[in-house]
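What follows is a single structure, written as structure tokens, with notes after it.
The values are calculated or read from the model by the stated rules, or taken from the named source; none is laboratory data. All figures in this text were calculated on a predicted structure; none of them were measured in a lab. Virtual Cβ from ideal backbone geometry, glycine too; neighbours counted across all protein chains shown. Keep in mind that these areas ignore ligands, DNA and RNA; they rest on the heavy atoms of the full protein, side chains included. Shrake-Rupley method; radii C 1.70, N 1.55, O 1.52, S 1.80 Å.
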Amino acid sequence: MIVDFSYALTPFLAWLVAGVSKFIINSFKAKKLAFGLIGYGGLPSNHSAIVSSMAALIAFRDGIATPAFGVAVTLAFVVVLDANSLRQQIGKHAVAINKLADKMPNHQILRERMGHTRWEIAAGIAVGIAVAALVNATSAG
């Protein structure tokens, strides 16, 4: 029996490619190594890359008329909605809380950059699909 690790490897590679790309882009923008900008938000979206890589790999391997593809697309949809709306609202709340608590002695500044724009999500989806295509092409025999 041959074990196919590509379904476990693909989302990890998508996360790695998106994370390294985001670090390079943020470092270029900041004109220094941007270790302090690692976290939620930015281009491309890691979360979108991860979930879209799995949906794309399933589509490439098994087709789009399968239950697995339906589940993967549903999960991707939930993650993308969360990245675009819920986490952006959390960031807006953090801005307001930071302003209100600015004069408080023990206030720890909350991270204000949360969530993703549509372009950041689209870039994450593109990374995910590209990684899945590459994994599929290299492991197809």
When ligands, DNA and RNA are left out and all protein chains stay put, how many square angstrom of accessible area per residue does the chain have with a 1.4 Å probe?
65
At 0.36 nm per residue, minus the direct Cα-Cα distance, what do Gln108 and Thr138 gain on full extension? Give it in nm, one decimal, please.
6.1 nm
Candidates Gly124, Gly91, Gly63: whichever shows maximal mean-square fluctuation once the chain is modelled as a Gaussian network with Cα springs under 10 Å:
Gly63
For the chain, built as a Gaussian network whose Cα springs stay under 10 Å, the top-fluctuating residue of Ile121, Ile109, Ile25:
Ile109
Carbon and sulfur: what percent of the chain's accessible surface (1.4 Å probe)?
72
Taking r as the C-beta separation of Ala8 and Val95 and R0 as 35 Å, the FRET efficiency to the nearest 0.05 is 0.40
Kirkwood-based shape ratio for the chain, expressed as Rg/Rh from alpha carbons
1.09
